[in-house]
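Step one of this worksheet: look at the structure below.
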Amino acid sequence: MDSIRKQSPAASGDAQLAGRTSKSSVSKPHEKLAEIATAARGPVSTTDHVQSRESIAMAKRVNRKLDFALLPILSFLYLFNGLDRSNIGNAETQGFTRDIGASPEDLNLAVSLFFITFVLFQPPSAAVGRWLGAKHWIPIMMIGWGAITLAQAWIKGRGALIATRLLIGAFEAGFYPTAVAYLSFFYCRFDLATRIGLFYGQYAIAGAFSGSIAYGIFHLRTGPLNNWQYLFVIEGALTMLFGLIAWVWLPTGPGSAWFFSEEERIFAAERIKADNALYVSHAYSEDGVEQDRLTKRDVVETGKDWKLWYVLFFNICASVPSQAFSVFLPLVVQGLGYSSIQANLMSVPPFVCGAVGLYLFALSSDHRKERGLHIIGGILVALVGLVITVAVRSHGGKYAGLCILLFGSYVSAPLTVAWLSGNTPEPGKRALVLGVNGFGNLAGVIGAQLYRPKYKPDYHIPFYATLGFVALALAGYLAYRFTLQHVNRRKLKTMSDKTEEEIQCERTDNTRYADRKWTFIYGL
(Lines give C-alpha, C1' and ligand atoms only; values in the text may rest on other atoms or scores of the structure.)
Protein backbone atom coordinates (compact mmCIF):
# COMPACT_ATOMS: atom_id res chain seq x y z
CA MET A 1 0.00 0.00 0.00
CA ASP A 2 2.93 2.36 0.54
CA SER A 3 3.65 2.28 -3.16
CA ILE A 4 0.03 2.99 -3.98
CA ARG A 5 0.02 6.03 -1.70
CA LYS A 6 3.26 7.41 -3.08
CA GLN A 7 1.96 7.22 -6.64
CA SER A 8 -1.26 9.01 -5.82
CA PRO A 9 -1.52 12.69 -6.74
CA ALA A 10 -4.49 13.09 -4.46
CA ALA A 11 -2.80 11.57 -1.46
CA SER A 12 -0.04 14.13 -1.66
CA GLY A 13 -2.52 16.95 -1.24
CA ASP A 14 -0.91 19.27 -3.81
CA ALA A 15 -2.82 17.55 -6.62
CA GLN A 16 -6.00 16.80 -4.77
CA LEU A 17 -8.10 18.14 -7.60
CA ALA A 18 -5.70 17.02 -10.30
CA GLY A 19 -7.63 13.91 -11.18
CA ARG A 20 -10.37 11.55 -10.20
CA THR A 21 -10.76 7.82 -10.17
CA SER A 22 -10.45 6.58 -13.70
CA LYS A 23 -13.69 5.53 -15.36
CA SER A 24 -11.87 2.93 -17.38
CA SER A 25 -12.63 -0.66 -16.50
CA VAL A 26 -10.36 -2.48 -14.08
CA SER A 27 -9.92 -6.19 -14.26
CA LYS A 28 -9.64 -7.04 -10.57
CA PRO A 29 -11.78 -5.79 -7.67
CA HIS A 30 -8.79 -5.14 -5.41
CA GLU A 31 -7.37 -2.86 -8.09
CA LYS A 32 -10.65 -0.96 -8.02
CA LEU A 33 -10.27 -0.70 -4.27
CA ALA A 34 -6.74 0.62 -4.71
CA GLU A 35 -8.11 3.36 -6.95
CA ILE A 36 -10.75 4.26 -4.39
CA ALA A 37 -8.36 4.15 -1.45
CA THR A 38 -5.93 6.55 -3.09
CA ALA A 39 -8.62 8.87 -4.50
CA ALA A 40 -7.12 9.24 -7.94
CA ARG A 41 -5.47 7.34 -10.75
CA GLY A 42 -3.86 10.34 -12.37
CA PRO A 43 -4.44 11.91 -15.81
CA VAL A 44 -5.73 9.75 -18.64
CA SER A 45 -5.59 12.27 -21.47
CA THR A 46 -3.68 15.30 -22.69
CA THR A 47 -6.47 17.59 -21.48
CA ASP A 48 -6.47 15.96 -18.07
CA HIS A 49 -2.71 16.38 -17.96
CA VAL A 50 -3.01 20.13 -18.57
CA GLN A 51 -5.75 20.43 -15.96
CA SER A 52 -3.60 18.46 -13.58
CA ARG A 53 -0.69 20.87 -14.01
CA GLU A 54 -3.01 23.84 -13.48
CA SER A 55 -4.50 22.29 -10.36
CA ILE A 56 -1.07 21.46 -8.97
CA ALA A 57 0.03 25.07 -9.56
CA MET A 58 -3.12 26.37 -7.86
CA ALA A 59 -2.65 24.00 -4.91
CA LYS A 60 0.92 25.21 -4.44
CA ARG A 61 -0.21 28.82 -4.59
CA VAL A 62 -2.96 28.21 -2.02
CA ASN A 63 -0.56 26.37 0.29
CA ARG A 64 2.00 29.15 -0.07
CA LYS A 65 -0.55 31.78 0.98
CA LEU A 66 -1.62 29.63 3.92
CA ASP A 67 2.03 29.21 4.90
CA PHE A 68 2.49 32.98 5.04
CA ALA A 69 -0.90 34.25 6.26
CA LEU A 70 -2.31 31.51 8.52
CA LEU A 71 0.37 29.13 9.79
CA PRO A 72 2.73 31.81 11.22
CA ILE A 73 0.02 33.54 13.27
CA LEU A 74 -1.23 30.22 14.69
CA SER A 75 2.33 29.16 15.47
CA PHE A 76 3.00 32.47 17.15
CA LEU A 77 -0.12 32.06 19.28
CA TYR A 78 1.00 28.57 20.28
CA LEU A 79 4.32 30.08 21.32
CA PHE A 80 2.45 31.99 24.04
CA ASN A 81 0.66 28.79 25.03
CA GLY A 82 4.06 27.25 25.71
CA LEU A 83 5.47 30.37 27.37
CA ASP A 84 2.64 30.72 29.86
CA ARG A 85 2.82 27.01 30.64
CA SER A 86 6.57 26.86 31.28
CA ASN A 87 7.44 30.28 32.75
CA ILE A 88 6.81 29.03 36.27
CA GLY A 89 9.98 26.91 36.02
CA ASN A 90 11.99 29.98 35.06
CA ALA A 91 10.45 31.96 37.90
CA GLU A 92 11.40 29.26 40.41
CA THR A 93 15.11 29.79 39.65
CA GLN A 94 14.61 33.27 41.16
CA GLY A 95 12.88 32.13 44.36
CA PHE A 96 9.26 32.31 43.16
CA THR A 97 7.81 29.84 45.72
CA ARG A 98 9.85 31.37 48.54
CA ASP A 99 8.56 34.87 47.79
CA ILE A 100 4.90 33.84 47.67
CA GLY A 101 5.12 31.81 50.89
CA ALA A 102 5.02 28.32 49.32
CA SER A 103 7.54 25.47 49.17
CA PRO A 104 9.37 23.89 46.19
CA GLU A 105 7.25 20.75 46.72
CA ASP A 106 4.14 22.90 46.27
CA LEU A 107 5.44 23.84 42.82
CA ASN A 108 5.58 20.18 41.77
CA LEU A 109 2.04 19.67 43.06
CA ALA A 110 0.78 22.77 41.22
CA VAL A 111 2.38 21.64 37.94
CA SER A 112 0.81 18.19 38.34
CA LEU A 113 -2.62 19.69 39.00
CA PHE A 114 -2.21 22.00 35.99
CA PHE A 115 -2.01 18.93 33.77
CA ILE A 116 -5.13 17.45 35.39
CA THR A 117 -7.37 20.29 34.20
CA PHE A 118 -5.32 20.65 31.02
CA VAL A 119 -6.04 17.02 30.13
CA LEU A 120 -9.61 16.65 31.40
CA PHE A 121 -10.81 19.80 29.62
CA GLN A 122 -9.26 18.94 26.24
CA PRO A 123 -12.12 16.84 24.76
CA PRO A 124 -14.94 19.21 25.85
CA SER A 125 -12.89 22.26 24.88
CA ALA A 126 -12.13 20.72 21.47
CA ALA A 127 -15.86 20.04 21.06
CA VAL A 128 -16.65 23.69 21.87
CA GLY A 129 -14.00 24.75 19.36
CA ARG A 130 -15.64 22.55 16.72
CA TRP A 131 -19.11 23.92 17.52
CA LEU A 132 -18.22 27.60 18.02
CA GLY A 133 -15.42 27.75 15.44
CA ALA A 134 -11.69 28.19 15.97
CA LYS A 135 -11.87 31.86 14.90
CA HIS A 136 -13.79 32.65 18.09
CA TRP A 137 -12.70 29.94 20.53
CA ILE A 138 -8.93 30.42 20.16
CA PRO A 139 -9.03 34.16 21.09
CA ILE A 140 -11.41 33.48 24.02
CA MET A 141 -9.02 30.85 25.42
CA MET A 142 -5.99 33.12 24.98
CA ILE A 143 -7.57 36.09 26.73
CA GLY A 144 -8.56 33.77 29.59
CA TRP A 145 -5.17 32.19 30.27
CA GLY A 146 -3.35 35.47 29.57
CA ALA A 147 -5.38 37.21 32.27
CA ILE A 148 -4.66 34.45 34.81
CA THR A 149 -0.94 34.49 33.92
CA LEU A 150 -0.81 38.23 34.53
CA ALA A 151 -2.66 37.85 37.85
CA GLN A 152 -0.17 35.15 38.86
CA ALA A 153 2.38 37.92 39.50
CA TRP A 154 0.54 38.88 42.72
CA ILE A 155 -0.52 35.55 44.20
CA LYS A 156 0.31 34.60 47.76
CA GLY A 157 0.42 31.14 49.30
CA ARG A 158 0.03 27.53 48.26
CA GLY A 159 -3.73 27.73 47.60
CA ALA A 160 -3.45 30.66 45.18
CA LEU A 161 -0.57 28.95 43.34
CA ILE A 162 -2.65 25.81 42.82
CA ALA A 163 -5.77 27.78 41.84
CA THR A 164 -3.98 29.80 39.15
CA ARG A 165 -2.35 26.70 37.64
CA LEU A 166 -5.70 24.89 37.55
CA LEU A 167 -7.31 27.85 35.76
CA ILE A 168 -4.46 28.25 33.25
CA GLY A 169 -4.68 24.52 32.51
CA ALA A 170 -8.45 24.77 31.91
CA PHE A 171 -8.11 27.73 29.51
CA GLU A 172 -5.12 26.29 27.61
CA ALA A 173 -6.62 22.82 27.29
CA GLY A 174 -8.44 23.20 23.99
CA PHE A 175 -5.93 25.35 22.14
CA TYR A 176 -3.79 22.64 20.53
CA PRO A 177 -6.57 20.26 19.36
CA THR A 178 -8.69 23.16 18.16
CA ALA A 179 -5.80 24.70 16.23
CA VAL A 180 -4.75 21.38 14.65
CA ALA A 181 -8.32 20.55 13.63
CA TYR A 182 -8.54 24.10 12.22
CA LEU A 183 -5.39 23.54 10.14
CA SER A 184 -6.81 20.25 8.84
CA PHE A 185 -9.70 22.24 7.30
CA PHE A 186 -7.18 24.20 5.20
CA TYR A 187 -4.41 21.69 4.36
CA CYS A 188 -4.82 18.28 2.72
CA ARG A 189 -3.74 15.09 4.44
CA PHE A 190 -0.13 14.77 3.33
CA ASP A 191 0.54 18.48 3.47
CA LEU A 192 -0.33 18.48 7.16
CA ALA A 193 2.54 16.88 9.13
CA THR A 194 5.11 19.49 8.08
CA ARG A 195 2.73 22.26 9.11
CA ILE A 196 1.86 20.54 12.39
CA GLY A 197 5.60 20.08 12.95
CA LEU A 198 6.22 23.79 12.38
CA PHE A 199 3.24 24.58 14.59
CA TYR A 200 4.09 22.17 17.41
CA GLY A 201 7.73 23.21 17.18
CA GLN A 202 6.71 26.42 18.90
CA TYR A 203 6.39 24.33 22.05
CA ALA A 204 10.13 23.67 21.88
CA ILE A 205 10.85 27.22 20.74
CA ALA A 206 8.78 28.45 23.70
CA GLY A 207 11.21 26.70 26.02
CA ALA A 208 14.15 28.40 24.32
CA PHE A 209 12.35 31.74 24.05
CA SER A 210 11.23 31.52 27.68
CA GLY A 211 14.80 30.98 28.78
CA SER A 212 16.00 33.93 26.69
CA ILE A 213 13.25 36.25 27.90
CA ALA A 214 13.77 35.18 31.49
CA TYR A 215 17.53 35.74 31.17
CA GLY A 216 16.89 39.34 30.11
CA ILE A 217 14.06 40.11 32.52
CA PHE A 218 15.83 38.59 35.51
CA HIS A 219 18.56 41.21 35.20
CA LEU A 220 15.96 43.78 36.31
CA ARG A 221 16.94 44.65 39.84
CA THR A 222 15.04 47.91 40.26
CA GLY A 223 11.37 48.81 40.33
CA PRO A 224 8.45 47.96 42.60
CA LEU A 225 8.22 44.27 41.60
CA ASN A 226 10.40 41.20 41.93
CA ASN A 227 12.06 40.25 38.66
CA TRP A 228 9.95 37.07 38.29
CA GLN A 229 6.78 39.20 38.61
CA TYR A 230 7.75 41.16 35.50
CA LEU A 231 7.97 37.84 33.63
CA PHE A 232 4.33 37.01 34.36
CA VAL A 233 3.10 40.56 33.69
CA ILE A 234 4.84 40.90 30.32
CA GLU A 235 3.95 37.44 29.00
CA GLY A 236 0.35 37.58 30.27
CA ALA A 237 -0.32 41.00 28.75
CA LEU A 238 1.17 39.99 25.38
CA THR A 239 -0.97 36.84 25.32
CA MET A 240 -4.14 38.88 25.76
CA LEU A 241 -3.06 41.39 23.11
CA PHE A 242 -2.39 38.74 20.45
CA GLY A 243 -5.61 36.94 21.37
CA LEU A 244 -7.50 40.10 20.34
CA ILE A 245 -5.46 40.37 17.12
CA ALA A 246 -6.25 36.72 16.30
CA TRP A 247 -9.96 37.41 16.56
CA VAL A 248 -9.66 39.80 13.61
CA TRP A 249 -7.00 37.88 11.67
CA LEU A 250 -8.25 34.29 11.58
CA PRO A 251 -10.77 33.35 8.84
CA THR A 252 -13.78 31.17 9.60
CA GLY A 253 -12.86 28.70 6.87
CA PRO A 254 -11.07 28.37 3.50
CA GLY A 255 -14.08 29.76 1.65
CA SER A 256 -13.90 33.09 3.49
CA ALA A 257 -10.14 33.56 3.92
CA TRP A 258 -9.38 37.24 3.38
CA PHE A 259 -5.93 36.49 1.91
CA PHE A 260 -7.33 34.39 -0.98
CA SER A 261 -8.71 35.58 -4.28
CA GLU A 262 -12.24 34.46 -5.16
CA GLU A 263 -10.90 31.67 -7.37
CA GLU A 264 -8.53 30.51 -4.62
CA ARG A 265 -11.33 30.49 -2.03
CA ILE A 266 -13.41 28.17 -4.22
CA PHE A 267 -10.45 25.91 -4.92
CA ALA A 268 -9.34 25.79 -1.26
CA ALA A 269 -12.85 24.84 -0.11
CA GLU A 270 -13.38 22.25 -2.84
CA ARG A 271 -10.07 20.45 -2.36
CA ILE A 272 -10.78 19.83 1.32
CA LYS A 273 -14.16 18.37 0.37
CA ALA A 274 -12.40 16.18 -2.20
CA ASP A 275 -9.80 15.07 0.35
CA ASN A 276 -12.55 13.35 2.38
CA ALA A 277 -15.27 12.88 -0.25
CA LEU A 278 -14.73 9.13 -0.54
CA TYR A 279 -15.62 8.48 3.10
CA VAL A 280 -17.80 11.34 4.38
CA SER A 281 -20.85 13.25 3.18
CA HIS A 282 -21.68 16.76 4.41
CA ALA A 283 -23.55 19.90 3.50
CA TYR A 284 -21.15 22.86 3.43
CA SER A 285 -21.60 26.57 4.06
CA GLU A 286 -20.06 29.25 1.84
CA ASP A 287 -17.04 29.29 4.17
CA GLY A 288 -16.25 25.73 3.17
CA VAL A 289 -17.08 24.51 6.70
CA GLU A 290 -19.55 21.67 7.33
CA GLN A 291 -22.99 22.75 8.49
CA ASP A 292 -23.42 19.66 10.67
CA ARG A 293 -20.20 20.24 12.58
CA LEU A 294 -20.66 17.75 15.41
CA THR A 295 -23.04 14.79 15.70
CA LYS A 296 -23.93 12.18 18.29
CA ARG A 297 -22.35 9.54 16.06
CA ASP A 298 -19.06 11.47 16.13
CA VAL A 299 -19.03 11.11 19.93
CA VAL A 300 -19.98 7.41 19.86
CA GLU A 301 -17.47 6.51 17.15
CA THR A 302 -14.69 8.38 18.96
CA GLY A 303 -15.34 6.32 22.08
CA LYS A 304 -15.23 3.12 19.98
CA ASP A 305 -12.07 4.07 18.06
CA TRP A 306 -9.61 1.32 18.98
CA LYS A 307 -6.64 2.95 17.26
CA LEU A 308 -7.03 6.10 19.40
CA TRP A 309 -7.02 4.27 22.73
CA TYR A 310 -4.38 1.83 21.51
CA VAL A 311 -1.82 4.52 20.79
CA LEU A 312 -2.75 6.92 23.59
CA PHE A 313 -0.93 5.02 26.33
CA PHE A 314 2.31 4.91 24.35
CA ASN A 315 1.93 8.57 23.39
CA ILE A 316 1.88 9.36 27.12
CA CYS A 317 5.07 7.34 27.66
CA ALA A 318 6.87 8.99 24.72
CA SER A 319 5.85 12.48 25.89
CA VAL A 320 7.34 12.26 29.39
CA PRO A 321 10.68 13.94 28.44
CA SER A 322 9.19 16.83 26.43
CA GLN A 323 6.45 17.54 28.98
CA ALA A 324 8.76 17.30 32.00
CA PHE A 325 11.54 19.45 30.57
CA SER A 326 9.15 22.14 29.35
CA VAL A 327 9.00 23.17 33.03
CA PHE A 328 11.97 21.57 34.79
CA LEU A 329 14.84 21.84 32.28
CA PRO A 330 16.19 25.11 33.80
CA LEU A 331 16.33 23.35 37.18
CA VAL A 332 18.01 20.26 35.69
CA VAL A 333 20.59 22.48 33.93
CA GLN A 334 21.11 24.39 37.16
CA GLY A 335 22.05 21.05 38.73
CA LEU A 336 24.97 20.81 36.27
CA GLY A 337 26.69 23.67 38.08
CA TYR A 338 25.31 26.81 36.41
CA SER A 339 24.08 29.82 38.36
CA SER A 340 20.34 30.50 38.53
CA ILE A 341 20.41 33.14 35.76
CA GLN A 342 22.89 31.20 33.59
CA ALA A 343 20.71 28.08 33.86
CA ASN A 344 17.89 29.92 32.06
CA LEU A 345 20.22 30.89 29.22
CA MET A 346 21.81 27.43 28.98
CA SER A 347 18.36 25.82 28.65
CA VAL A 348 18.01 27.49 25.24
CA PRO A 349 20.27 25.21 23.07
CA PRO A 350 18.52 21.92 24.08
CA PHE A 351 15.14 23.42 23.18
CA VAL A 352 16.51 24.66 19.84
CA CYS A 353 17.75 21.10 19.20
CA GLY A 354 14.22 19.87 19.93
CA ALA A 355 12.71 22.26 17.39
CA VAL A 356 15.28 21.39 14.70
CA GLY A 357 14.76 17.65 15.22
CA LEU A 358 11.01 18.02 14.96
CA TYR A 359 11.18 20.10 11.76
CA LEU A 360 13.51 17.62 10.05
CA PHE A 361 11.42 14.58 10.98
CA ALA A 362 8.16 16.31 9.99
CA LEU A 363 9.50 17.36 6.57
CA SER A 364 10.70 13.83 5.90
CA SER A 365 7.39 12.37 7.12
CA ASP A 366 5.32 14.43 4.66
CA HIS A 367 7.80 13.90 1.82
CA ARG A 368 7.77 10.12 2.27
CA LYS A 369 4.09 10.01 3.28
CA GLU A 370 4.94 7.88 6.29
CA ARG A 371 4.34 8.41 10.02
CA GLY A 372 5.15 5.34 12.11
CA LEU A 373 8.81 4.80 11.27
CA HIS A 374 9.53 8.50 11.71
CA ILE A 375 7.99 8.45 15.19
CA ILE A 376 9.99 5.34 16.04
CA GLY A 377 13.15 7.06 14.75
CA GLY A 378 12.54 10.09 16.97
CA ILE A 379 12.00 7.85 20.01
CA LEU A 380 15.26 6.02 19.25
CA VAL A 381 17.16 9.33 19.19
CA ALA A 382 15.59 10.31 22.53
CA LEU A 383 16.58 6.93 23.94
CA VAL A 384 20.21 7.47 22.89
CA GLY A 385 20.19 10.91 24.54
CA LEU A 386 18.82 9.47 27.77
CA VAL A 387 21.46 6.72 27.85
CA ILE A 388 24.21 9.34 27.41
CA THR A 389 22.69 11.55 30.12
CA VAL A 390 22.61 8.78 32.71
CA ALA A 391 25.85 7.03 31.70
CA VAL A 392 28.26 9.96 31.23
CA ARG A 393 29.65 11.56 34.41
CA SER A 394 31.01 14.85 33.07
CA HIS A 395 28.71 17.86 33.09
CA GLY A 396 29.56 18.61 29.45
CA GLY A 397 28.66 15.06 28.42
CA LYS A 398 25.37 15.21 30.31
CA TYR A 399 24.54 18.54 28.69
CA ALA A 400 25.24 17.03 25.23
CA GLY A 401 22.99 14.11 26.17
CA LEU A 402 20.20 16.55 27.03
CA CYS A 403 20.55 18.17 23.59
CA ILE A 404 20.31 14.77 21.85
CA LEU A 405 17.40 13.76 24.10
CA LEU A 406 15.38 16.85 23.20
CA PHE A 407 16.30 16.49 19.50
CA GLY A 408 14.20 13.31 19.44
CA SER A 409 11.68 14.01 22.21
CA TYR A 410 9.43 16.42 20.31
CA VAL A 411 8.88 14.17 17.28
CA SER A 412 6.32 11.65 18.53
CA ALA A 413 3.50 13.94 19.75
CA PRO A 414 2.90 16.06 16.60
CA LEU A 415 3.44 13.16 14.20
CA THR A 416 0.98 11.09 16.22
CA VAL A 417 -1.51 13.94 15.79
CA ALA A 418 -0.85 13.98 12.02
CA TRP A 419 -1.19 10.19 11.93
CA LEU A 420 -4.51 10.18 13.78
CA SER A 421 -5.78 13.16 11.77
CA GLY A 422 -4.94 11.55 8.42
CA ASN A 423 -6.56 8.30 9.51
CA THR A 424 -9.78 10.04 10.67
CA PRO A 425 -11.48 11.47 7.56
CA GLU A 426 -14.70 12.52 9.34
CA PRO A 427 -14.05 16.15 10.49
CA GLY A 428 -16.35 16.06 13.53
CA LYS A 429 -14.88 12.84 14.83
CA ARG A 430 -11.38 14.11 13.99
CA ALA A 431 -11.85 17.13 16.28
CA LEU A 432 -12.88 14.84 19.15
CA VAL A 433 -10.09 12.34 18.45
CA LEU A 434 -7.53 15.13 18.65
CA GLY A 435 -9.13 16.30 21.89
CA VAL A 436 -8.96 12.84 23.46
CA ASN A 437 -5.40 12.45 22.20
CA GLY A 438 -4.66 15.43 24.42
CA PHE A 439 -4.71 12.95 27.30
CA GLY A 440 -1.13 12.40 26.19
CA ASN A 441 -0.38 15.47 28.29
CA LEU A 442 -0.82 13.29 31.36
CA ALA A 443 2.90 12.81 30.76
CA GLY A 444 3.23 16.22 32.39
CA VAL A 445 1.78 14.85 35.64
CA ILE A 446 4.31 12.01 35.54
CA GLY A 447 7.17 14.42 34.82
CA ALA A 448 6.14 16.78 37.61
CA GLN A 449 6.20 13.93 40.13
CA LEU A 450 9.49 12.51 38.82
CA TYR A 451 11.65 15.66 38.83
CA ARG A 452 11.15 16.56 42.48
CA PRO A 453 13.56 18.72 44.53
CA LYS A 454 14.71 15.73 46.62
CA TYR A 455 16.45 14.27 43.55
CA LYS A 456 18.63 17.34 42.99
CA PRO A 457 21.20 17.98 41.64
CA ASP A 458 21.76 14.95 39.34
CA TYR A 459 18.16 13.66 39.07
CA HIS A 460 19.44 10.09 38.53
CA ILE A 461 16.24 8.29 39.55
CA PRO A 462 13.97 10.52 37.39
CA PHE A 463 16.24 9.97 34.38
CA TYR A 464 16.18 6.19 34.83
CA ALA A 465 12.38 6.25 35.10
CA THR A 466 12.15 8.41 31.98
CA LEU A 467 14.37 5.90 30.19
CA GLY A 468 11.88 3.14 31.04
CA PHE A 469 8.92 5.14 29.73
CA VAL A 470 10.66 5.93 26.44
CA ALA A 471 11.71 2.29 25.92
CA LEU A 472 8.10 1.19 26.48
CA ALA A 473 6.90 3.80 23.96
CA LEU A 474 9.33 2.42 21.37
CA ALA A 475 7.87 -1.09 21.71
CA GLY A 476 4.31 0.27 21.67
CA TYR A 477 4.64 2.30 18.48
CA LEU A 478 6.27 -0.62 16.68
CA ALA A 479 3.32 -2.82 17.66
CA TYR A 480 0.85 -0.11 16.61
CA ARG A 481 2.32 0.20 13.13
CA PHE A 482 2.31 -3.57 12.61
CA THR A 483 -1.31 -3.68 13.81
CA LEU A 484 -2.38 -1.09 11.22
CA GLN A 485 -0.59 -3.11 8.53
CA HIS A 486 -2.54 -6.19 9.60
CA VAL A 487 -5.87 -4.30 9.52
CA ASN A 488 -5.09 -2.98 6.03
CA ARG A 489 -4.40 -6.50 4.77
CA ARG A 490 -7.66 -7.70 6.30
CA LYS A 491 -9.60 -4.87 4.64
CA LEU A 492 -8.08 -5.63 1.25
CA LYS A 493 -8.82 -9.31 1.68
CA THR A 494 -12.44 -8.54 2.60
CA MET A 495 -12.89 -6.39 -0.50
CA SER A 496 -10.93 -8.59 -2.92
CA ASP A 497 -14.00 -10.54 -4.03
CA LYS A 498 -16.42 -7.59 -4.07
CA THR A 499 -17.90 -6.19 -7.24
CA GLU A 500 -17.55 -2.56 -8.26
CA GLU A 501 -21.18 -1.98 -7.23
CA GLU A 502 -20.55 -3.45 -3.77
CA ILE A 503 -17.47 -1.28 -3.36
CA GLN A 504 -19.46 1.82 -4.30
CA CYS A 505 -22.18 0.82 -1.85
CA GLU A 506 -19.61 0.40 0.93
CA ARG A 507 -18.31 3.89 0.22
CA THR A 508 -21.67 5.64 0.31
CA ASP A 509 -23.80 3.88 2.94
CA ASN A 510 -23.59 4.52 6.69
CA THR A 511 -23.25 0.97 7.99
CA ARG A 512 -19.60 1.60 8.82
CA TYR A 513 -18.38 5.11 9.62
CA ALA A 514 -15.51 6.90 7.83
CA ASP A 515 -12.22 5.10 8.60
CA ARG A 516 -14.07 1.94 9.67
CA LYS A 517 -15.20 1.44 6.08
CA TRP A 518 -13.51 -1.49 4.35
CA THR A 519 -12.52 0.90 1.55
CA PHE A 520 -10.47 3.13 3.87
CA ILE A 521 -6.81 2.12 3.99
CA TYR A 522 -4.89 3.42 7.00
CA GLY A 523 -1.76 5.44 6.41
CA LEU A 524 1.33 3.96 8.00
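Charges were assigned to the Cβ only: +1 to each Lys and Arg, -1 to each Asp and Glu. The resulting dipole of the chain about its Cα centre is roughly 880 debye. 3J(HN,Hα) along the range 470-479, derived from phi through the Karplus expression 6.51 cos²θ - 1.76 cosθ + 1.60 where θ = phi - 60°, amounts to 5, 4, 5, 4, 4, 5, x, 5, 4, 5 Hz, with x in place of Gly and Pro. The orientation-averaged projection of the convex hull spanning the C-alpha atoms of the range 59-177 amounts to 8.2 square nanometres. Phi-derived couplings, Karplus 6.51 cos²θ - 1.76 cosθ + 1.60 at θ = phi - 60°, listed residue by residue for the range 376-384: 4, x, x, 5, 4, 4, 4, 5, 4 Hz, with x used for Gly and Pro.
Paramagnetic label reach from Trp258 (point 7 Å along Cα→Cβ; backbone nitrogen cut-off under 20 Å): within the range 54-82, residues 62-78.
Mean residue ellipticity, 222 nm, helices only, the chain: the sum of -39500 (n - 2.57) across DSSP H runs of n ≥ 4, divided by residue count and rounded to 500, is -24000 deg cm²/dmol. The overall shape of the range 350-490, judged from the alpha-carbon gyration tensor, is prolate: a/c is not under 1.5, and a/b is greater than b/c.
Placing a label point 7 Å from the Cα of Lys296 along the Cα-to-Cβ direction, the residues of the range 499-523 whose backbone N falls under 19 Å of that point are 510-514.
Over all directions, what mean area does the Cα convex hull of the range 412-524 project, stated in square nanometres? Reported value for the Cα convex hull: 8.6 nm². Considering only protein heavy atoms and a probe of 1.4 Å, how much of the accessible area of the chain is carbon and sulfur, as a whole percent? Carbon with sulfur: 64 percent of the solvent-accessible area.
Were the residues from Leu241 through Ala57 laid out at 0.36 nm apart, the gain over their Cα-Cα distance would be 62.6 nm. For the chain, the direction-averaged projected area of the alpha-carbon convex hull comes to 23.2 nm².
Peptides 150-159, 425-434, 439-448 ranked from most to least packed give 425-434, 439-448, 150-159, packing being the mean of other C-beta atoms within 10 angstrom over each peptide's residues.
Cα centroids of the range 217-242 and the range 391-469: 29 Å apart. In the structure shown, do any of Lys493/Lys517; Lys273/Lys307; Lys304/Lys498 have a Cα-Cα gap over 22 Å, and if so which? Checking Cα-Cα distances, Lys273/Lys307; Lys304/Lys498 exceed 22 Å.
Using 0.36 nm per residue and subtracting the Cα-Cα separation, the extra length available between Ser212 and Ile461 on full extension is 86.8 nm.
Compute the label zone of Ala479 within the range 366-386: residues whose backbone N is under 17 Å from the point 7 Å along Cα-to-Cβ. Label zone hits: 376. In the context of the full set of protein chains, residues of the chain present 37 Å² of accessible surface per residue (probe radius 1.4 Å, heavy atoms only). For the range 160-222, dividing the convex hull volume of the Cα atoms by the residue count gives 112 Å³ per residue.
Structural descriptor for the chain: relative contact order 22 percent, calculated from alpha carbon pairs under 8 angstrom and at least 6 residues apart.
The values are calculated or read from the model by the stated rules, or taken from the named source; none is laboratory data. For clarity, every value in this text was computed on a predicted model and none was experimentally measured. Note: ideal-geometry Cβ built from the backbone for every residue, glycine included; neighbour counts use all protein chains shown. When the accessible area is computed, the model is the full protein with side chains, heavy atoms only, and any ligands, DNA or RNA have been set aside. Shrake-Rupley method; radii C 1.70, N 1.55, O 1.52, S 1.80 Å.
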